[in-house]
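Comments concern the structure below.
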Amino acid sequence: MAAPHPVRHPGAGRRRARDTPKGRQIGDDARVEIAALLGGRDRRRDLLIEHLHLIQDAHGRIPTALLAALAEAMKLSFAEVFETATFYAHFDVTDTDPPVQIRVCDSLPCAMAGAAALAAAIAAGTPARLQKVPCVGRCDQAPVAVVGQNAIARATASAVLVALADGQTRADLPGTIDYAAYVAAGGYGLLRTVRDEGVAREAVLTALDGAQLRGKGGAGFPTGRKWRTVAAQPGPRLMAVNADEGEPGTFKDHYHLRSDPHRFLEGMLIAAEVVGISAIYIYLRDEYPDLRAMLNAEIAKLPPGGPPIHLRRGAGAYICGEESAMIESIEGKRGLPRNKPPFVFQRGLFGRPTLVNNVETLLWVRDIVERGPEWWRAQGRNGSTGMISFSVSGRVRHPGVKLAPAGITLRQLVDEFCGGMAPGHTLRAYLPGGASGGILPASLADVPMDYGTLEQYGCFIGSAAVVVLSDQDDLRAAALNLMQFFRHESCGQCTPCRVGTAKAAELMAQPEWDVDLLDELSAVMRDASICGLGQAAPNPWLSLLRHFPEEFAR
């Protein structure tokens with residue numbers, strides 16, 4: 001006999017109605033606070049990172065309730081806002097941890113100056129939350145600690161603890177040439193000529209071509225050719241200025257913007273006129289709050305008539321120094337490098353043709369046009385042309401930004417511009433181009449430093465971040481420090497870089513290096529990584545294997 005069918009009651013099998021709506025709930029307090037923080041600001045998607053900074057600045061962290069309320073206010077999904085916030089090191093998304101109050105730089109120049117001991121002494125003296133961070137762009141003043149947003153040069157534990165207790169405010173920028181002083185010395189005259197006389201635009205391009213000015217951001221692409229290429233694209237055209245110098249050992253942008261910001265701004269506005277730019281976006285690294293405040297004030301004084309200028313704030317991601325990753329970040333997204341083609345000059349910011357230049361490149365435009373390309377070409381040495389802003393740190397008597405002839409040798413740079421080696425130190429090695437530029441021995445200290453002169457030795461000049469090491473430095477420890485930086489800063493988008501940097505750091509931390517496996521890793525990373533980070537990350541260990549075989553004959 002078949003079993004009777006069960007009796008079905010009305011409503012049986014139906015899912016019980018929820019007591020609350022689906023998804024993360026947003027409280028009224030969070031909505032009110034986000035509305036107050038945003039005020040009359042636009043809720044556009046590209047302003048997401050700017051709005052995240054408002055929360056981070058107000059709380060020292062980003063509570064998830066406010067993250068959800070921001071997503072609602074901007075009509076974005078919580079997942080989209082969360083993935084952007086957690087990508088950047090300067091956004092601390094947490095509901096439980098106290099805010100980070102002290103950051104200690106542990107990149108190579110600061111590590112050489114005792115950053116580990118500094119961090120240990122600070123931790124022993126306060127319960128405040130401390131974090132070790134990559135380069136903060138003041139390598140000539142190592143070691144550096146940051147309390148809140150206030151950088152403390154040549155930091156000691158006692159100075160950091162005093163600043164923490166006193167709530168030390170940011171220092172002014174001494175020696176900055178402001179708008180009035182710059183105009184009084186003839187500033188913006190060339191810009192007026194370019195705006196009033198269209199024929200002068202071709203004269204500017206001719207001067208840049210004649211000077212053979214190359215981009216100072218690392219790749220060294222001819223500036224005049226780049227401007228012509230972008231100008232040939234259909235409008236509207238945009239401009240993105242890369243002021244996000246995150247390469248360990250690099251601090252030249254901070255120096256130039258602090259001392260002579262309007263020389264850079266005039267060069268930027270001349271570029272906009274020549275190329276036909278509709279809007280300009282300056283991407284400034286978040287570690288420079290002093291410069292951000294100053295630039296906002298000085299940009300407001302600029303003569304009318306140019307394209308709108310938007311000053312955008314980075315959020316602690318070295319990868320955003322790569323031009324397409326920077327563009328993604330300006331658009332309010334994670335800083336993931338784009339596959340190419342299309343190239344950014346074809347389809348860059350907001351899908352429009354985009355001119356990308358860095359600060360130092362634009363800084364020289366006025367001088368080259370007014371003094372003539374012959375003046376610029378005469379500045380170089382050893383067959384090179386022009387000048388380079390070398391960021392020099394490490395074991396020299398007088399570190400800092402040195403405006404020196406292109407083609408100068410390391411030995412000449414140290415002896416003529418840095419006062420020689422630091423007392424008690426003998427030159428053993430140097431980095432000619434920051435973390436990614438490789439490591440050269442003292443025996444190659446007489447090789448000219450310029451684009452194209454170092455590649456035969458497995459190195460390159462890049463952003464001209466020169467870190468000098470001595471006979472008292474552990475080169476394997478230095479190479480490991482650089483690899484740990486790349487591991488931390490890999491965006492994670494491609495496996496060769498994400499896994500390769502982590503595996504390389506693990507191998508390099510061992511007493512004996514597995515050279516064969518490191519060689520295999522370097523080949524894969526160079527061939528298959530999407531962008532220059534993964535492609536250049538093997539340079540530190542490859543340099544040691546090539547130039548310092550004694551390190552592996554122990």
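The values are calculated or read from the model by the stated rules, or taken from the named source; none is laboratory data. Remember, predicted model here, so these are calculated numbers, not experimental data. Note: ideal-geometry Cβ built from the backbone for every residue, glycine included; neighbour counts use all protein chains shown. For accessibility, only protein heavy atoms count, side chains too; no ligands or nucleic acids. Shrake-Rupley method; radii C 1.70, N 1.55, O 1.52, S 1.80 Å.
Taking the conditions exactly as written (under 28 Å from the mean Cα position of the chain (by Cα) and assigned to a loop (DSSP other than H, G, I, E, B)), does F91 satisfy them or not? Against the criterion (under 28 Å from the mean Cα position of the chain (by Cα) and assigned to a loop (DSSP other than H, G, I, E, B)), F91 qualifies. Of the residues E551, E520, the single one that is in contact (Cβ under 8 Å) with a residue 12 or more places away in the chain and not hydrophobic (A, V, I, L, M, F, W, C) is E551. Given the criteria open to solvent by less than 30 Å² (accessible area, probe 1.4 Å), part of a strand (DSSP E or B) and not aromatic (F, W, Y), does V81 qualify? Judged against the criteria, V81 is not a match.
Any residue at all in the range 55-78 that is among the basic types (K, R), closer than 24 Å to H310 by Cα and at pLDDT 95 or above? Yes: the range 55-78 contains one or more residues that are among the basic types (K, R), closer than 24 Å to H310 by Cα and at pLDDT 95 or above. Taken over the range 112-133, residues that are at pLDDT 95 or above and touching a Pro at 6+ places or on another chain (Cβ under 8 Å) amount to 4. Based on what the data block shows, is L336 farther than 21 Å from G407 by Cα and either open to solvent by 10 Å² or more (accessible area, probe 1.4 Å) or touching a residue at least 40 places away in the same chain (Cβ under 8 Å) (or both)? In short, yes.
All conditions but one from (1) more than 26 Å from Q484 (Cβ to Cβ); (2) of a type in the set (A, V, I, L, M); (3) open to solvent by less than 30 Å² (accessible area, probe 1.4 Å) apply to I309; the one that does not is (3). Of the residues contained in the range 360-380, one or more are found to be within 28 Å of L291 (Cβ to Cβ), open to solvent by less than 30 Å² (accessible area, probe 1.4 Å), touching a residue at least 24 places away in the same chain (Cβ under 8 Å) and over 27 Å from the mean Cα position of the chain (by Cα). Examine the range 217-228 for a residue that is of a type in the set (F, W, Y), at pLDDT 95 or above and touching a helix residue (DSSP H, G or I) at 6+ places or on another chain (Cβ under 7 Å), and state whether such a residue exists. For the range 217-228, residues of a type in the set (F, W, Y), at pLDDT 95 or above and touching a helix residue (DSSP H, G or I) at 6+ places or on another chain (Cβ under 7 Å): present. Those helices (runs of 4 or more DSSP H) of the range 198-263 in which 1 or more residues are among the charged types (D, E, K, R) and without any contact (Cβ under 8 Å) to a residue 12 or more places away in the chain occupy 199-211. Does A404 fit the bill of being in contact with a strand residue (DSSP E or B) (Cβ under 7 Å, 6 or more places away or on another chain), hydrophobic (A, V, I, L, M, F, W, C), open to solvent by 10 Å² or more (accessible area, probe 1.4 Å) and under 22 Å from C135 (Cβ atoms)? It is false that A404 is in contact with a strand residue (DSSP E or B) (Cβ under 7 Å, 6 or more places away or on another chain), hydrophobic (A, V, I, L, M, F, W, C), open to solvent by 10 Å² or more (accessible area, probe 1.4 Å) and under 22 Å from C135 (Cβ atoms). The residue pairs whose first member lies in the range 150-168 and is surrounded by fewer than 15 Cβ atoms within 10 Å (Cβ to Cβ), whose second member is in a loop (DSSP other than H, G, I, E, B) and modelled with pLDDT under 95, and whose beta carbons are closer than 8 Å, counting only pairs six or more residues apart or on different chains, are V162/Q168; G167/G148. Where helices (runs of 4 or more DSSP H) fall wholly inside the range 284-363, no range has 2 or more residues that are of a type in the set (V, I, T) and touching a His at 6+ places or on another chain (Cβ under 8 Å). Counting residues in the range 373-381 that are touching a strand residue (DSSP E or B) at 6+ places or on another chain (Cβ under 9 Å) and at positive phi gives zero.
Out of the residues in the range 435-450 meeting the condition of being under 24 Å from P222 (Cα atoms) and open to solvent by 10 Å² or more (accessible area, probe 1.4 Å), tell me which one is modelled with the lowest pLDDT. It comes out as S436. Filtering the range 451-484 to residues that are of a type in the set (S, T, Y) and open to solvent by less than 40 Å² (accessible area, probe 1.4 Å) leaves Y451, T453, S463, S470. Remark: F390 falls outside the filter, which requires a residue to be at pLDDT 95 or above, hydrophobic (A, V, I, L, M, F, W, C), within 26 Å of A536 (Cα to Cα) and open to solvent by 10 Å² or more (accessible area, probe 1.4 Å). Being open to solvent by less than 20 Å² (accessible area, probe 1.4 Å), farther than 30 Å from A159 by Cα, among the aliphatic types (A, V, I, L, M) and free of Cβ contacts under 8 Å to residues at least 24 places away in the same chain holds for only one residue in A71, A30, A36, and it is A71.
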